[in-house]
Each structure stands twice: as C-alpha cells, then as structure tokens.
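The values are calculated or read from the model by the stated rules, or taken from the named source; none is laboratory data. Computed from a prediction, not measured in an experiment: that's the story for all the values here. When we count neighbours, we look across all protein chains shown, and the Cβ atoms used for this are built from the backbone with ideal geometry, even at glycine. Areas reflect the complete protein model, heavy atoms only, side chains present, ligands, DNA and RNA absent. Shrake-Rupley method; radii C 1.70, N 1.55, O 1.52, S 1.80 Å.
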Amino acid sequence: MKRPFSVLWLGQLVSNLGTQASLYGMGLWLFQQQWRVVDFAAVAVVVQVARLAILPLLGQRLAGWPRRRTMLVANAIGGGVTVGLALLLLQVGSQVPVAILLTLLAISAAAEAALVLCFSSLISTLVPEGPAQIRAAGLFASSDGLVLSLAPFLGAWLAAEAGLPGVLWLDGCSFLWAFLCVALAPWPAAALAPAGTGGLALAGPEPVSFRRQVVQLLREPTLAPLGWIGMVLAFVYAGCEVLFPAWLLAGMGPGRLGMALLVGGLGYGLGMGLWLWRRPVRPLPWLRAAVLVQGWVLIGAGLVVFERWQPIWWLGILVFSAGIPISLAALQCFWQQQVNALDQPRRFAQRLSLEWCARLLGFVGLAALVDGVLRPAVSWPLWPRWLLDGLGVGPGRPMAMALGLAGWLLLLTGLRQAAALARAPSPA
C-alpha cells in the first residue's frame, strides 16, 4: 500500500465519520428543540440535495483543478462552517434560526461531496494497478459503508450527552485532522497536477448537460450495468438502515437492537477483512456472490418462520453485513477498471448522482411503502390464511415484508446487471 493513499485515507475516514455523525447529531438536536419530525427529516433532505446540486459543477470542472488544493479548500470550508455555527451558538444560545442552520449544513455537505469525489478519483493515480489498488479500492468503499453505519449512533449519543456543542467539537476536530493529513501527505507529482481539463472527457463539439450525461451513462454497454448495480445497492442499503431498526423496535423490543448491531458490526468486519486478505483480481464472482446471498437473506426476512428460528436469524444478520463491504469494494474496483484516470472525475460524479438519488429514494420510498401500503394491507380480510401464516401479522411484520421485497429487487436486478457486466466489452 502506497503511503500517500494511506495518509489521505485515514484523514478522510475520520473526516467523513465526523461529518456524518455531526449531521445526524444536528438533526436530532434540531428535533429535540420542538419535537417535530419534519425538522429532523429536513436535515437529511437538505444535505442530500446539496450533495446532488454540487455534482454537475464538480463533474465538469474537477479534472482541471489541482487535487491537493481542492481537498484543502473543501476541508477549510467544512471547518469554517463548524466555526460559524459555534460562533452563532455563542451569540444566540440554543435558538439558532433553522434557515441559517440548514444553509450552513448545505455548504458543509457540498464540501464533503467534493472530498468524496476528489479522493475516489485519486486512487488510480496514488496506487499502481494490481493487488495494492484492489486493497485500496476495498478500503475506500468498505470504510464509506462503515461510516454510514456508525455515524447515526455516534451522532445520537453526542446529541444526547453533549448537545450541539459536543457535535460541533467532533466536527471541527475531524475537519482539522483531515486538513492536516492532506497538507502533510507525501503527494506524488502525478497526483499534484490537475488530471486534465473538464472538456477532454466530453463527447461532441458542444458541452453536454450533466443530466444528459447521466442518462447516456445508463445506455452505455460498459458502464450501464455498473450504474444500475450501484443504484440498487444504494436503494436497498438505505432502506435497510431505516427498516431494520424499525423492525426490531416494533416487533422484538429495544433489547435486541444492541446485540443485532454488535453482530452486524462483526459481520461487516469479517467481510472487510476477507476482501483485504484475498484481494481478488476478478471482482465479478465476488460481487455476484454477495448480491445473491444478501438477496436471499432479505427475502428470508419477509417470512415469519426465520424470525422465530433464532440461530438462522442471527446468522442472516452476520452474513448480510459481511456482504456489504464485499459488494461495495467489488463495485469500486469495476469503476476504476472501466474508467480511465482522466475521465474519472466526470464519470464518478455521474455515478454518485445516481447512487445518492437512489439512496434518498430508498429512505423515502420504502418507508412510504410500509406506512402507506403494507401496514394497512395486513389488516385486509381477503388474504388466504396460508399467506398470512407465512408472512406474519405482528407489529414488525410490515417492515420485514418490505425487507423481503427489497431482497427480490436486489436478487433479480443485481444478478441481471452482473450478467450484463460479464458480457460488456473490456475498456480500451
């Protein structure tokens, strides 16, 4: 593993964890002020919209910007937002205007999107092809998923124990750490220079709109399967983040949630360790196996028999969690193999726009499916008895059924696109 990547990865890991935890903590703190769920949801929506809004600019211009300077500026912007919030808190106390808070969070989220895109498109330059690059791709992708899993719990604990000052303290320290890592990392000369001009990657004599570029990506035989698989994974994983805790709290009580999180964390670590140990040169079999196993695990969650059969239920959590870093790492390897380094900023911006939109849809769509369709449908008297006996009618069963439907989506769409990926032409 090349040392520049290791230093930058460690900095971005801490920064990403601090940012995600602070965003969740701020949302929870805002919710505690007036106990309105809409305030909590507004933080998540504003953050996601800000990330998506900045991607067209980054996709067109990032290749022409010096990477080191770009990451330093993005970290400085994020730190500046934290300092601004702290000063505002000192002046007005806990009565921070919601509009100002959301505006500052949107700026911080846009800076974080620039860091994610910049670092992901740097891996091919920092690490040579081969096992070292496979390991680097696995570290980047799996650590991102780990942050998304840990951040809500860290943010909730900070908001409950230390309030907004504790959240801001964590956020500021994480940005400072990342800034120092970027500033002090031994950057190679190839990574210091801009990757190229944004226009080099554009097809045709006139610039193409970012939205049209995203649509065109989903029609390209080489990249379309990657785009669809990434969207399906983002949709399903986001839905699991909402539905799984809700299932446990509604159907089994809060006592099982802590152990489930522990087993899930153990499984995630096992999957990440397996990828880093094997460093597979051919990621397609690993991606296909992870999608297949995770799809069947979620389908099993929709059947009440597996909820009652405790050994299988716990094994399902362990196996599903182990598949998350494997599938994310394999997908990252494919993107790095299929897109040349000069074109990665533009292509990765398109990729992130698809996956972040799917993630937002997973949060909203599956929750709406449970509350608007599955929960009232369970009480309909028209269902045959054998179907209700198989699916269950307890308070947590609508969430489990939604997980089962997500499993079918992952299984059918993921395997179909994996087959298309196997038939796709090799990159030039």
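Here is how the numbers come out for the structure above:
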read-out: Hits in the range 341-362 (condition: more than 23 Å from Ala44 (Cβ to Cβ) and open to solvent by 30 Å² or more (accessible area, probe 1.4 Å)); value: Ala341, Leu342
read-out: Where Val393 falls short, out of the listed (1) touching a residue at least 40 places away in the same chain (Cβ under 8 Å); (2) part of a loop (DSSP other than H, G, I, E, B); (3) surrounded by 11 or more Cβ atoms within 10 Å (Cβ to Cβ); value: (1)
read-out: Meets criteria (in contact (Cβ under 8 Å) with a residue 24 or more places away in the chain, open to solvent by 30 Å² or more (accessible area, probe 1.4 Å) and more than 21 Å from the chain's Cα centre (by Cα)) for Pro384; value: no
read-out: Tally, over the range 270-288, of residues that are under 16 Å from Ser321 (Cα atoms) and free of Cβ contacts under 8 Å to residues at least 12 places away in the same chain; value: 1
read-out: Pick from the range 129-138, criterion of a type outside the set (A, V, I, L, M) and within 21 Å of Cys181 (Cβ to Cβ), ranking: surrounded by the fewest Cβ atoms within 10 Å (Cβ to Cβ); value: Arg135
read-out: Answer from Arg36, Arg68, Arg3 - the residue that is of a type in the set (D, E, K, R), over 21 Å from the mean Cα position of the chain (by Cα) and modelled with pLDDT of 85 or more; value: Arg68
read-out: Residue count, the range 91-126 (criterion: crowded, with 24+ Cβ neighbours inside 10 Å and over 25 Å from Leu52 (Cβ atoms)); value: 1
read-out: Verdict on Val319 being free of Cβ contacts under 8 Å to residues at least 60 places away in the same chain and either of a type in the set (Val, Ile, Thr) or surrounded by fewer than 17 Cβ atoms within 10 Å (Cβ to Cβ) (or both); value: yes
read-out: Options Leu409, Leu366, Leu415, Leu405; residue that is in contact with a Gly (Cβ under 6 Å, 6 or more places away or on another chain), at pLDDT 80 or above and closer than 30 Å to Leu331 by Cβ; value: Leu366
